[in-house]
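Worksheet: the structure to be examined is printed underneath.
The values are calculated or read from the model by the stated rules, or taken from the named source; none is laboratory data. Every value quoted in this text rests on a predicted model; they were computed, and no experiment measured them. A quick note on method: Cβ atoms are made from the backbone with ideal geometry, for glycine too, and the neighbour counts reach across all protein chains shown. These area figures cover heavy atoms from the full protein model, side chains too; ligands, DNA and RNA do not enter into them. Shrake-Rupley method; radii C 1.70, N 1.55, O 1.52, S 1.80 Å.
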Amino acid sequence: MAKHLQDTTIFHNGVKMPWLGLGVFKVQEGPELVNAVKAALAQGYRSVDTAAIYDNEAGVGQGIREGLTKAGIAREELFVTSKVWNADLGYESTIAAYEASLGKLGLEYLDLYLIHWPVAGKYKEAWRALETLYKKGRVRAIGVSNFHIHHLEDLMKDAEIIPMVNQVEYHPRLTQKDLQAFCVKHGIQLEAWSPLMQGQLLDDQVLKEIAAKHGKSVAQVVLRWDLQNGVVTIPKSTKEQRIAENAEVFDFELTKEETERIDSMNENLRVGPDPDHFDF
Ligand code: NDP
(Lines give C-alpha, C1' and ligand atoms only; values in the text may rest on other atoms or scores of the structure.)
Protein backbone atom coordinates (compact mmCIF):
# COMPACT_ATOMS: atom_id res chain seq x y z
CA MET A 1 0.00 0.00 0.00
CA ALA A 2 1.25 3.45 -0.96
CA LYS A 3 2.87 5.23 1.97
CA HIS A 4 4.13 8.36 0.30
CA LEU A 5 3.03 10.88 -2.33
CA GLN A 6 5.81 9.72 -4.61
CA ASP A 7 5.04 6.02 -4.32
CA THR A 8 4.26 4.42 -7.64
CA THR A 9 2.42 1.66 -9.38
CA ILE A 10 4.40 -0.33 -11.93
CA PHE A 11 2.98 -0.88 -15.41
CA HIS A 12 3.32 -4.15 -17.29
CA ASN A 13 6.28 -2.64 -19.15
CA GLY A 14 8.08 -1.77 -15.91
CA VAL A 15 7.43 2.00 -16.07
CA LYS A 16 6.44 3.52 -12.75
CA MET A 17 3.64 6.06 -12.26
CA PRO A 18 2.84 7.89 -9.03
CA TRP A 19 -0.44 6.76 -7.46
CA LEU A 20 -1.52 10.37 -7.05
CA GLY A 21 -1.14 13.30 -9.41
CA LEU A 22 -2.61 16.68 -10.28
CA GLY A 23 -5.46 17.08 -12.78
CA VAL A 24 -5.91 20.34 -14.71
CA PHE A 25 -9.19 19.90 -16.62
CA LYS A 26 -10.99 23.23 -17.23
CA VAL A 27 -8.07 25.27 -15.94
CA GLN A 28 -7.38 28.01 -18.45
CA GLU A 29 -3.97 29.22 -19.48
CA GLY A 30 -2.66 31.86 -17.12
CA PRO A 31 -1.02 32.38 -13.74
CA GLU A 32 -3.61 30.30 -11.85
CA LEU A 33 -2.64 27.25 -13.89
CA VAL A 34 1.11 27.85 -13.75
CA ASN A 35 0.93 28.42 -10.01
CA ALA A 36 -1.15 25.29 -9.40
CA VAL A 37 1.40 23.10 -11.21
CA LYS A 38 4.28 24.79 -9.40
CA ALA A 39 2.56 24.44 -6.03
CA ALA A 40 1.92 20.76 -6.67
CA LEU A 41 5.56 20.08 -7.56
CA ALA A 42 6.75 22.06 -4.54
CA GLN A 43 4.50 19.96 -2.33
CA GLY A 44 5.94 16.74 -3.69
CA TYR A 45 3.52 15.83 -6.48
CA ARG A 46 5.37 14.10 -9.29
CA SER A 47 2.53 13.52 -11.76
CA VAL A 48 0.48 15.93 -13.88
CA ASP A 49 -2.43 15.03 -16.16
CA THR A 50 -3.41 17.23 -19.10
CA ALA A 51 -4.86 16.75 -22.59
CA ALA A 52 -4.72 18.51 -25.95
CA ILE A 53 -8.40 19.42 -25.68
CA TYR A 54 -7.88 21.20 -22.33
CA ASP A 55 -6.03 23.82 -24.36
CA ASN A 56 -3.64 24.42 -21.48
CA GLU A 57 -0.55 22.39 -22.36
CA ALA A 58 1.59 25.51 -22.75
CA GLY A 59 0.79 26.68 -19.20
CA VAL A 60 1.26 23.18 -17.83
CA GLY A 61 4.66 23.13 -19.52
CA GLN A 62 5.57 26.49 -18.03
CA GLY A 63 4.46 25.33 -14.58
CA ILE A 64 6.55 22.18 -14.99
CA ARG A 65 9.69 24.06 -16.05
CA GLU A 66 9.41 26.63 -13.29
CA GLY A 67 8.33 24.03 -10.75
CA LEU A 68 11.22 21.67 -11.55
CA THR A 69 13.74 24.48 -11.22
CA LYS A 70 12.25 25.72 -7.98
CA ALA A 71 12.05 22.26 -6.43
CA GLY A 72 15.50 21.32 -7.77
CA ILE A 73 14.29 18.16 -9.45
CA ALA A 74 14.99 16.65 -12.85
CA ARG A 75 12.47 16.08 -15.63
CA GLU A 76 13.02 12.32 -15.23
CA GLU A 77 11.51 12.49 -11.76
CA LEU A 78 8.25 13.78 -13.13
CA PHE A 79 5.42 11.83 -14.80
CA VAL A 80 3.54 13.78 -17.47
CA THR A 81 0.38 12.55 -19.20
CA SER A 82 -1.44 14.01 -22.18
CA LYS A 83 -4.14 12.72 -24.52
CA VAL A 84 -4.86 12.76 -28.21
CA TRP A 85 -8.17 14.41 -29.01
CA ASN A 86 -10.91 12.77 -31.07
CA ALA A 87 -10.42 15.00 -34.12
CA ASP A 88 -6.82 13.79 -34.40
CA LEU A 89 -7.48 10.05 -34.22
CA GLY A 90 -5.78 8.40 -37.19
CA TYR A 91 -2.27 7.11 -37.84
CA GLU A 92 -0.46 10.17 -39.18
CA SER A 93 -2.74 12.66 -37.43
CA THR A 94 -2.15 11.06 -34.02
CA ILE A 95 1.61 11.14 -34.49
CA ALA A 96 1.34 14.80 -35.51
CA ALA A 97 -0.89 15.49 -32.47
CA TYR A 98 1.73 13.93 -30.19
CA GLU A 99 4.45 16.16 -31.60
CA ALA A 100 2.15 19.19 -31.26
CA SER A 101 1.47 18.38 -27.60
CA LEU A 102 5.19 17.98 -26.93
CA GLY A 103 5.82 21.34 -28.60
CA LYS A 104 3.23 23.10 -26.46
CA LEU A 105 4.44 21.45 -23.28
CA GLY A 106 8.05 22.16 -24.23
CA LEU A 107 9.00 18.56 -23.44
CA GLU A 108 11.15 16.00 -25.25
CA TYR A 109 8.90 13.09 -24.34
CA LEU A 110 5.77 12.20 -22.40
CA ASP A 111 5.55 9.52 -19.75
CA LEU A 112 2.05 8.52 -20.81
CA TYR A 113 -0.01 9.27 -23.90
CA LEU A 114 -3.66 8.27 -23.99
CA ILE A 115 -6.41 7.95 -26.57
CA HIS A 116 -8.90 10.32 -24.94
CA TRP A 117 -12.18 8.72 -26.13
CA PRO A 118 -13.01 5.48 -27.98
CA VAL A 119 -14.33 6.98 -31.21
CA ALA A 120 -15.78 4.08 -33.20
CA GLY A 121 -13.82 3.20 -36.31
CA LYS A 122 -10.92 5.45 -35.35
CA TYR A 123 -9.21 4.25 -32.23
CA LYS A 124 -7.40 1.29 -33.78
CA GLU A 125 -5.44 3.43 -36.23
CA ALA A 126 -4.64 5.83 -33.40
CA TRP A 127 -3.46 2.89 -31.31
CA ARG A 128 -1.10 1.83 -34.10
CA ALA A 129 0.33 5.34 -33.97
CA LEU A 130 0.80 5.12 -30.21
CA GLU A 131 2.50 1.75 -30.65
CA THR A 132 4.88 3.31 -33.18
CA LEU A 133 5.68 6.20 -30.84
CA TYR A 134 6.27 3.72 -28.04
CA LYS A 135 8.45 1.38 -30.07
CA LYS A 136 10.54 4.31 -31.25
CA GLY A 137 11.10 5.31 -27.64
CA ARG A 138 9.28 8.65 -28.06
CA VAL A 139 6.89 7.93 -25.15
CA ARG A 140 7.42 5.82 -22.05
CA ALA A 141 3.94 4.32 -21.81
CA ILE A 142 0.71 4.32 -23.82
CA GLY A 143 -2.87 3.82 -22.83
CA VAL A 144 -6.49 4.65 -23.35
CA SER A 145 -9.21 6.62 -21.63
CA ASN A 146 -12.94 6.07 -21.36
CA PHE A 147 -12.73 2.53 -22.70
CA HIS A 148 -15.40 0.06 -21.64
CA ILE A 149 -14.55 -3.65 -21.55
CA HIS A 150 -15.83 -4.17 -25.09
CA HIS A 151 -13.65 -1.32 -26.40
CA LEU A 152 -10.61 -2.87 -24.73
CA GLU A 153 -11.45 -6.31 -26.09
CA ASP A 154 -11.85 -4.90 -29.58
CA LEU A 155 -8.60 -2.93 -29.37
CA MET A 156 -6.66 -5.87 -28.00
CA LYS A 157 -7.79 -8.12 -30.88
CA ASP A 158 -5.42 -6.23 -33.18
CA ALA A 159 -3.03 -4.56 -30.75
CA GLU A 160 0.62 -5.56 -30.45
CA ILE A 161 0.88 -3.81 -27.10
CA ILE A 162 -1.69 -4.05 -24.34
CA PRO A 163 -2.54 -0.57 -23.00
CA MET A 164 -0.68 0.22 -19.80
CA VAL A 165 -3.51 2.40 -18.48
CA ASN A 166 -7.25 2.95 -18.81
CA GLN A 167 -8.26 6.34 -17.37
CA VAL A 168 -11.99 6.43 -16.67
CA GLU A 169 -14.57 8.21 -14.56
CA TYR A 170 -14.36 6.50 -11.18
CA HIS A 171 -15.68 7.55 -7.77
CA PRO A 172 -17.95 6.11 -5.05
CA ARG A 173 -21.06 6.61 -7.22
CA LEU A 174 -19.41 4.87 -10.20
CA THR A 175 -17.21 2.05 -9.01
CA GLN A 176 -16.88 0.14 -12.33
CA LYS A 177 -16.11 -3.19 -10.64
CA ASP A 178 -16.34 -5.31 -13.81
CA LEU A 179 -14.09 -2.93 -15.72
CA GLN A 180 -11.58 -2.90 -12.88
CA ALA A 181 -11.53 -6.71 -12.70
CA PHE A 182 -10.97 -6.86 -16.47
CA CYS A 183 -8.12 -4.35 -16.22
CA VAL A 184 -6.50 -6.20 -13.32
CA LYS A 185 -6.74 -9.47 -15.27
CA HIS A 186 -4.94 -7.94 -18.25
CA GLY A 187 -2.37 -5.92 -16.32
CA ILE A 188 -3.95 -2.58 -17.29
CA GLN A 189 -3.67 0.07 -14.57
CA LEU A 190 -7.03 1.71 -13.84
CA GLU A 191 -6.85 5.47 -13.31
CA ALA A 192 -9.68 7.59 -11.89
CA TRP A 193 -10.84 10.83 -13.46
CA SER A 194 -13.24 13.06 -11.55
CA PRO A 195 -12.26 11.12 -8.41
CA LEU A 196 -14.13 13.70 -6.32
CA MET A 197 -17.11 13.58 -8.69
CA GLN A 198 -16.22 17.19 -9.43
CA GLY A 199 -17.05 18.16 -5.86
CA GLN A 200 -20.48 16.51 -5.74
CA LEU A 201 -19.59 14.01 -3.02
CA LEU A 202 -18.44 16.41 -0.38
CA ASP A 203 -21.78 16.57 1.47
CA ASP A 204 -22.41 12.84 1.55
CA GLN A 205 -23.32 11.67 5.06
CA VAL A 206 -21.58 8.27 4.90
CA LEU A 207 -18.36 9.85 3.70
CA LYS A 208 -18.62 12.62 6.29
CA GLU A 209 -19.03 10.05 9.04
CA ILE A 210 -15.99 8.06 7.90
CA ALA A 211 -13.98 11.26 7.47
CA ALA A 212 -14.82 12.41 11.00
CA LYS A 213 -13.64 9.08 12.42
CA HIS A 214 -10.22 9.58 10.84
CA GLY A 215 -9.99 13.33 11.39
CA LYS A 216 -9.79 13.72 7.61
CA SER A 217 -11.83 15.53 4.95
CA VAL A 218 -14.31 13.81 2.66
CA ALA A 219 -11.99 14.48 -0.28
CA GLN A 220 -9.15 12.74 1.55
CA VAL A 221 -11.31 9.71 2.35
CA VAL A 222 -12.37 9.32 -1.28
CA LEU A 223 -8.81 9.63 -2.56
CA ARG A 224 -7.61 7.15 0.04
CA TRP A 225 -10.36 4.75 -1.10
CA ASP A 226 -8.96 5.03 -4.65
CA LEU A 227 -5.49 4.10 -3.46
CA GLN A 228 -6.68 1.19 -1.33
CA ASN A 229 -8.61 -0.09 -4.36
CA GLY A 230 -5.44 0.01 -6.46
CA VAL A 231 -6.63 2.90 -8.61
CA VAL A 232 -4.35 5.77 -9.67
CA THR A 233 -5.97 9.13 -8.99
CA ILE A 234 -5.56 12.71 -10.27
CA PRO A 235 -7.75 15.15 -8.31
CA LYS A 236 -7.92 18.64 -9.76
CA SER A 237 -7.56 21.79 -7.74
CA THR A 238 -6.03 25.17 -8.41
CA LYS A 239 -6.07 26.09 -4.72
CA GLU A 240 -2.77 25.57 -2.98
CA GLN A 241 -4.40 24.50 0.25
CA ARG A 242 -6.56 21.87 -1.46
CA ILE A 243 -3.64 20.65 -3.56
CA ALA A 244 -1.89 19.99 -0.25
CA GLU A 245 -4.99 18.50 1.37
CA ASN A 246 -5.50 16.07 -1.50
CA ALA A 247 -1.98 14.75 -1.07
CA GLU A 248 -2.30 14.14 2.67
CA VAL A 249 -3.78 10.71 2.21
CA PHE A 250 -0.79 8.54 2.99
CA ASP A 251 -0.96 8.73 6.78
CA PHE A 252 -4.18 6.85 7.48
CA GLU A 253 -5.93 3.70 6.43
CA LEU A 254 -9.58 2.89 5.86
CA THR A 255 -10.79 -0.34 7.37
CA LYS A 256 -12.11 -3.12 5.16
CA GLU A 257 -15.58 -2.33 6.45
CA GLU A 258 -15.18 1.33 5.49
CA THR A 259 -13.92 0.60 1.97
CA GLU A 260 -16.82 -1.81 1.48
CA ARG A 261 -19.26 0.80 2.75
CA ILE A 262 -17.91 3.27 0.22
CA ASP A 263 -18.02 0.60 -2.53
CA SER A 264 -21.70 0.10 -1.73
CA MET A 265 -22.44 3.76 -2.54
CA ASN A 266 -22.24 2.84 -6.22
CA GLU A 267 -25.21 3.95 -8.34
CA ASN A 268 -23.52 3.69 -11.75
CA LEU A 269 -23.91 7.46 -11.81
CA ARG A 270 -21.75 9.56 -14.13
CA VAL A 271 -20.86 13.25 -14.14
CA GLY A 272 -19.39 12.84 -17.61
CA PRO A 273 -20.64 11.13 -20.78
CA ASP A 274 -21.02 7.37 -21.08
CA PRO A 275 -18.31 6.12 -23.48
CA ASP A 276 -21.03 4.24 -25.38
CA HIS A 277 -23.02 7.41 -25.99
CA PHE A 278 -20.97 10.49 -26.68
CA ASP A 279 -21.31 12.80 -29.63
CA PHE A 280 -18.01 14.63 -29.81
P1 NDP B 1 -12.38 16.22 -9.57
O2 NDP B 1 -13.25 15.09 -9.15
O3 NDP B 1 -10.93 16.12 -9.41
O4 NDP B 1 -12.96 17.51 -8.84
C5 NDP B 1 -12.43 18.77 -9.06
C6 NDP B 1 -13.33 19.79 -8.34
O7 NDP B 1 -13.28 19.56 -6.95
C8 NDP B 1 -12.90 21.20 -8.59
O9 NDP B 1 -14.07 21.98 -8.64
C10 NDP B 1 -12.07 21.54 -7.34
O11 NDP B 1 -12.19 22.93 -7.09
C12 NDP B 1 -12.77 20.71 -6.28
N13 NDP B 1 -11.84 20.22 -5.24
C14 NDP B 1 -10.63 19.67 -5.41
N15 NDP B 1 -10.09 19.30 -4.25
C16 NDP B 1 -10.98 19.62 -3.30
C17 NDP B 1 -11.00 19.50 -1.89
N18 NDP B 1 -9.98 18.97 -1.24
N19 NDP B 1 -12.09 19.94 -1.23
C20 NDP B 1 -13.13 20.48 -1.89
N21 NDP B 1 -13.18 20.63 -3.21
C22 NDP B 1 -12.11 20.20 -3.92
O23 NDP B 1 -12.77 16.52 -11.11
P24 NDP B 1 -12.07 16.62 -12.51
O25 NDP B 1 -13.15 16.43 -13.50
O26 NDP B 1 -11.24 17.82 -12.63
O27 NDP B 1 -11.15 15.31 -12.61
C28 NDP B 1 -9.79 15.27 -12.23
C29 NDP B 1 -8.88 15.20 -13.43
O30 NDP B 1 -9.16 14.07 -14.23
C31 NDP B 1 -9.07 16.36 -14.43
O32 NDP B 1 -8.53 17.57 -13.97
C33 NDP B 1 -8.40 15.80 -15.66
O34 NDP B 1 -6.99 15.91 -15.54
C35 NDP B 1 -8.87 14.36 -15.60
N36 NDP B 1 -10.10 14.14 -16.41
C37 NDP B 1 -10.03 13.28 -17.47
C38 NDP B 1 -11.12 13.03 -18.26
C39 NDP B 1 -11.00 12.09 -19.38
O40 NDP B 1 -11.94 12.02 -20.21
N41 NDP B 1 -9.94 11.34 -19.50
C42 NDP B 1 -12.42 13.70 -18.02
C43 NDP B 1 -12.42 14.56 -16.85
C44 NDP B 1 -11.30 14.74 -16.09
P45 NDP B 1 -10.93 23.94 -6.94
O46 NDP B 1 -10.07 23.80 -8.16
O47 NDP B 1 -11.61 25.26 -6.84
O48 NDP B 1 -10.23 23.53 -5.68
Kindly report the accessible area of the chain per residue (heavy atoms of protein chains, probe 1.4 Å, no ligands, DNA or RNA), in Å². 43 Å²
Distance between modelled label sites at GLU131 and HIS277, nm, 7 Å Cα→Cβ extension: 3.3 nm
Estimated translational D of the range 112-176 in µm²/s (Stokes, Kirkwood radius over Cα pairs; 4 °C; 1.567 mPa s): 107 µm²/s
Ranking request for peptides 107-118, 155-166: highest mean number of other beta-carbon atoms within 10 Å first, then the rest in descending order. 107-118, 155-166
How far apart, in nm, are the 7 Å Cα→Cβ label points at LYS16 and ARG75? 2.0 nm
Stretched fully, the stretch from ASP158 through ASP55 gains (0.36 nm per residue minus C-alpha distance, one decimal, in nm) 33.9 nm
In nanometres, what is the gap between the two model label sites at ARG270 and LYS256, each 7 Å from Cα along Cα-to-Cβ? 3.4 nm
Take the Cβ-Cβ distance between HIS150 and GLU66 as r, set R0 to 35 Å, and report the resulting FRET efficiency rounded to the nearest 0.05. 0.25
On the accessible surface of the chain, probed at 1.4 Å with all protein chains in place, carbon and sulfur together account for a percent value of 49 percent
Using only Cα atoms, locate the centre of the range 201-280 and the centre of the range 89-133, then give the distance between them in Å, rounded to an integer. 30 Å
About the Cα centre of the range 8-263, how large is the charge dipole given +1 on each Lys and Arg Cβ and -1 on each Asp and Glu Cβ? Please answer in debye to the nearest 20. 280 debye
Virtual paramagnetic centre 7 Å along Cα→Cβ of GLN198, amide N under 11 Å, in the range 22-47: 26
Two-decimal ratio, the chain, of alpha-carbon radius of gyration to 2.2 N^0.38 Å: 0.95
